[in-house]
Amino acid sequence: MRLSASELSRFGEEIGARLTAPAVIGLSGELGTGKTTLVQAICRGLGARSRATSPTYALVHHYAAGATPVYHVDCYRLRQPDEARDLGFDDMIRDRAVILIEWPERAGSWAPALDRHFQLSYDADPARRVLEEAA
Ligand SMILES: Nc1ncnc2c1ncn2[C@@H]1O[C@H](COP(=O)(O)OP(=O)(O)OP(=O)(O)O)[C@@H](O)[C@H]1O
Ligand SMILES: [Mg+2]
């Protein structure tokens, strides 16, 4: 799909509205392709109260949608997959949370199994992004 920013947001809101915990969603794609935009939209659809801003200092941000814990994990800054060992994925899984992971491939085998995996890339049109779902 080739989506404008508002279309990508609407898509994410629909994903979030239909999501039932526990769920693990991966978001991959080059810098600036819209991973955080999609995370924020999914959180809105979930009804999570806080905005999921792009983590600058912390790799893990914790939100809540009613009784459901929601985690936004950005693995971009991991220098090696082993550093993901301390991110707390086991606890998040135990909490039956919704886990949204940017750059899951950087966590290697430390990343939990993904229920869905979205790939974003640039389009020739600078206002659009290509969204694909990995099988
Ligand atoms: N169709 C589109 N979908 C999403 N974002 C778009 C689109 N067109 C333009 N943009 C712009 O691209 C940027 C996407 O930024 P965003 O932080 O969501 O990307 P990101 O993949 O999380 O980047 P990073 O890897 O740096 O964390 C925003 O500035 C947004 O306004
Ligand atoms: Mg981001």
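Tabulated data for the structure shown
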{"item": "The range 2-134: relative contact order in percent, alpha carbon pairs under 8 Å with at least 6 residues between", "result": "33"}
{"item": "Three semi-axes of the equivalent ellipsoid, the range 89-135, Cα gyration tensor, whole Å, largest first", "result": "27, 11, 9"}
{"item": "Filtered GluC sites (Glu not before Pro), the range 1-37: DSSP coil and at most 14 other beta carbons within 10 Å", "result": "Glu30"}
{"item": "Radius of gyration, Dmax [the range 2-134; alpha carbons; angstrom]", "result": "13.8, 42"}
{"item": "Spacing of the two label points (7 Å from each Cα toward its C-beta) at Ala113 and Tyr76, in nm", "result": "3.0"}
{"item": "Cubic angstrom per residue, convex hull over Cα atoms of the range 34-105", "result": "82"}
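Each value in this text was obtained by applying a stated rule to the coordinates, not by laboratory testing. Predicted model, so just to flag it, every value in this text is computed and none were measured. Positions of Cβ are backbone-derived with ideal geometry, glycine not excepted, and every protein chain shown enters the neighbour counts.
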